[in-house]
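What follows is one structure encoded as structure tokens, with my remarks underneath.
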Amino acid sequence: MKKIIMMLTAVLSLGMASLGFASPASDLLAQEETTTTKVIGLIQGKGQLAEVSTGFSPALQKNFNAAALDNMKKGVTEQLGGISNLKLVRLDKFADADRLIYIGDAKKAPNVQMTFVFSVKGKKAELQGLNMIPVEVKPVQNNQNAQAK
């Protein structure tokens, strides 16, 4: 009976400790993903710039106005034909910044890569900038299959 109680206590202690360690990083990632989802919606013609710009850095709020948004929408439509099915494929964490890289489908290009850069100050993440480029995603071959050929 004592062993069962000790084992349950150890499991619960480890479980609670792991929740505490994971919390700050997951909160930041949730903020960043919310902002990226709203920005992607803006580019697709959904939402309002005023609502989304609350997650921007002061410099980006100043420079990314309605004219810049219209210019970006026009570029996406002309060069990519629209974007869809974006998925987070990479998260790079730095001392005071995060970089999220998404890959998605484009109508006029094989794929599109969107890179979002956030500055991290304490428990707050602010979007510093974003970049969109068409890319071709090639499947990775297994090394054993490549060596056999």
Provide a single number: the residues in the range 38-55 that are closer than 22 Å to D98 by Cα, of a type outside the set (A, V, I, L, M) and surrounded by 15 or more Cβ atoms within 10 Å (Cβ to Cβ). 3
Could you check the range 56-144 for strands (runs of 3 or more DSSP E) lying wholly inside it with 1 or more residues that are without any contact (Cβ under 8 Å) to a residue 24 or more places away in the chain and exposed (fewer than 12 other Cβ atoms within 10 Å of the Cβ)? 83-93, 124-135
Just give me the residues in the range 85-118 being closer than 13 Å to P134 by Cα and among the polar types (S, T, N, Q), in sequence order. N111, Q113, T115
Considering only residues that are at pLDDT 90 or above and among the hydroxyl-bearing types (S, T, Y), which ones fall in the range 55-87? S57
Exactly one condition in (1) at positive phi; (2) within 15 Å of the chain's Cα centre (by Cα) is false for V117; which is it? (1)
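The values are calculated or read from the model by the stated rules, or taken from the named source; none is laboratory data. Computed from a predicted model, the values in this text were never measured in an experiment. Here Cβ is always computed from backbone atoms with ideal geometry, including for glycine, and neighbour counts include all displayed protein chains.
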